[in-house]
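I'd like to ask some things about the structure below.
The values are calculated or read from the model by the stated rules, or taken from the named source; none is laboratory data. Remember, predicted model here, so these are calculated numbers, not experimental data. Ideal geometry is used to build each Cβ from the backbone, glycine not excepted, and the neighbour counts take in all protein chains shown.
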Amino acid sequence: MSAVADAAAANGPLNGRLVALRRDLHRHPELSFAEVRTGDRLASELAALSPRRVERVARTGVVARIAGRDPSAPVVAIRGDIDALPIHEATGLPFASVNDGVMHACGHDVHATWAYGAAALLSAHPATGDVLVVLQPAEEVGEGASAVLESGALDDARVIFGAHVDRRFTVGQVVAQGGPLAASADTFEIELIGRGAHGARPHESADPIVCMAAIISSLQTIVARRVNPATPAVVTVGMVSAGTAPNVIPDRAVLRGTLRACDDATRDLLHAEVRAIATHVGAAHHVDVRVSSVGTGVPPVVNDARAATWAAEAATAVLGADAVVPLGTPNMAGEDFAWYQRRMPGCFLRVGARRENEAVIAAHSPQFDVAEDAILVGALVLAECARQASSALNAERR
Ligand code: NI
């Protein structure tokens, strides 16, 4: 039998409960900061484990403190996110979403469930110190992690672990490595203020549309000519708006785009170059340009080397030596787990979620689904991450 099948056989009753919980959460998905039913359900499941404490945080989130063997030992944290996306589900699953236009298309139903599963496993076989199990709202809008941190609920945590389902990998494969894992995600806006005119008299205008086209073309040179080609970076313009009629040159245009980078220096360079190009191209076209950021953005996910070592040891202990696989290339999507890593060391894992013979379906697709064997794998690995980190941090206290 494979390590995954062994684990399922050894944890039969828990596995059944996890699959049932995941299907219930999947059937009732809720958008960011509206996870009311989800938060209530998870809070009551966690309360039934008799933790030291269950707290509601960040509006719809939950933090449970699972008792360790030594109340004075260092505290570690595990995080699962719980929100869904504004997508109309097209999986045809018997437990498909009943909330029209809302879907768990990023697997956060699984993340919530495996975090609960880790809490159950740690209740049965405690870590050295207490473990804070965080059910975090609003990851998809990049605001939930900051809200959890602001609540103070993680103030005494020394290290944090989290994980994402990943259909590029099969069930039983886990990515647990130090360094960059996911990108920063920042939204920029460029507003162009020109001078409108009749479309037949362009010489009387300062045309913001022609200027916008020049800016969009020039922005492509940032990645091509400013960023070291060995360093991942993305500049994408995804929204443009201007004009009311084919024969009128408008006085204003607006574009919005996203910037992705895997380290702070590249992230800063992207921002500076967008501003420089927009300002100088605007000046050449006699158009006033205002560059601004939309929202706060999230930093890159960069895994701490020691936390990653504990995570890799945990995955090996649960699944065997072949389980830990390399990430390959970093994922240029954002992940607000990065905010925790600004406050404490942390490791974010990727957990394989595809059966051998299945196709790779990207997250945020209306067809997205997860092989349910991955739920118990995530729970076992995260619980073991907490035990490994807790015992190592405790040992160095003496
Ligand atoms: Ni996600």
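Could you grab me the full set of residues in the stretch 114-146 that are away from the ligand (no atom under 14 Å from the Cβ), part of a helix (DSSP H, G or I) and either in contact with a Leu (Cβ under 7 Å, 6 or more places away or on another chain) or polar (S, T, N, Q) (or both)?
TYR116, GLY117, ALA118, ALA119, ALA120, LEU121, SER123, SER146
For GLU273, state whether it is of a type in the set (Asp, Glu) and within 30 Å of ILE78 (Cα to Cα).
no
Follow-up. Hey, among the residues in the stretch 95-118 that are surrounded by fewer than 24 Cβ atoms within 10 Å (Cβ to Cβ) and of a type in the set (A, V, I, L, M), which one's farthest from the chain's Cα centre (by Cα)?
Filtering the stretch 95-118 for residues that are surrounded by fewer than 24 Cβ atoms within 10 Å (Cβ to Cβ) and of a type in the set (A, V, I, L, M), the one farthest from the chain's Cα centre (by Cα) comes out as VAL98.
Mind checking whether some residue in the stretch 368-376 is in the same structural domain as THR316 (by TED's automatic domain parsing), under 21 Å from LEU149 (Cα atoms) and within 16 Å of the ligand (Cβ to nearest atom)?
no
Do any strands (runs of 3 or more DSSP E) entirely within the stretch 160-257 hold 2 or more residues that are small (Gly, Ala, Ser), in contact (Cβ under 8 Å) with a residue 24 or more places away in the chain and under 30 Å from ALA312 (Cβ atoms), and if so, which?
179-182, 184-193
Being within 20 Å of the chain's Cα centre (by Cα), within 15 Å of the ligand (Cβ to nearest atom) and closer than 18 Å to ALA338 by Cβ is the requirement here; does GLU150 meet it?
On the way: within 20 Å of the chain's Cα centre (by Cα): yes; within 15 Å of the ligand (Cβ to nearest atom): no; closer than 18 Å to ALA338 by Cβ: yes.
Against the criterion (within 20 Å of the chain's Cα centre (by Cα), within 15 Å of the ligand (Cβ to nearest atom) and closer than 18 Å to ALA338 by Cβ), GLU150 does not qualify.
Same structure, new question: Just the residues that are surrounded by fewer than 20 Cβ atoms within 10 Å (Cβ to Cβ) and under 17 Å from GLY346 (Cα atoms), please, taken from the stretch 119-148.
Answer for the stretch 119-148, where residues must be surrounded by fewer than 20 Cβ atoms within 10 Å (Cβ to Cβ) and under 17 Å from GLY346 (Cα atoms): just SER146.
Also, quick follow-up: At pLDDT 95 or above, outside any loop (DSSP other than H, G, I, E, B), assigned by TED's automatic domain parsing to the domain that holds SER146 and touching a helix residue (DSSP H, G or I) at 6+ places or on another chain (Cβ under 8 Å), is that true of ALA73?
Values: at pLDDT 95 or above: yes; outside any loop (DSSP other than H, G, I, E, B): no; assigned by TED's automatic domain parsing to the domain that holds SER146: yes; touching a helix residue (DSSP H, G or I) at 6+ places or on another chain (Cβ under 8 Å): yes.
No, not satisfied.
Filter the stretch 158-172 down to the residues that are more than 16 Å from the ligand (Cβ to nearest atom) and buried (at least 23 other Cβ atoms within 10 Å of the Cβ), then identify the one that is nearest to VAL325 (Cα to Cα).
Our first condition is that a residue be more than 16 Å from the ligand (Cβ to nearest atom); within the stretch 158-172, this holds for 158-160, 170-172.
The next check asks that each one be buried (at least 23 other Cβ atoms within 10 Å of the Cβ); those that pass are 159-160, 171-172.
Working: VAL159: 22, ILE160: 21, VAL171: 12, GLY172: 10 Å.
Of everything passing the filter in the stretch 158-172, GLY172 is nearest to VAL325 (Cα to Cα).
Which one of these does ARG195 not meet: (1) crowded, with 17+ Cβ neighbours inside 10 Å; (2) farther than 27 Å from GLY346 by Cα?
That leaves (1) as the condition not met.
Scan (1) away from the ligand (no atom under 16 Å from the Cβ); (2) over 12 Å from THR38 (Cβ atoms); (3) in a loop (DSSP other than H, G, I, E, B); (4) touching a residue at least 24 places away in the same chain (Cβ under 8 Å) for the single condition ASN99 breaks and write down its number.
ASN99 satisfies all of (1) away from the ligand (no atom under 16 Å from the Cβ); (2) over 12 Å from THR38 (Cβ atoms); (3) in a loop (DSSP other than H, G, I, E, B); (4) touching a residue at least 24 places away in the same chain (Cβ under 8 Å) except (2).
With GLY107, GLY92 as the choices, which residue is within 16 Å of the ligand (Cβ to nearest atom) and either in contact (Cβ under 8 Å) with a residue 12 or more places away in the chain or over 14 Å from ALA374 (Cβ atoms) (or both)? Don't jump to the end; show me each part of the working.
Values: GLY92 fails: within 16 Å of the ligand (Cβ to nearest atom).
On inspection, the qualifying residue turns out to be GLY107.
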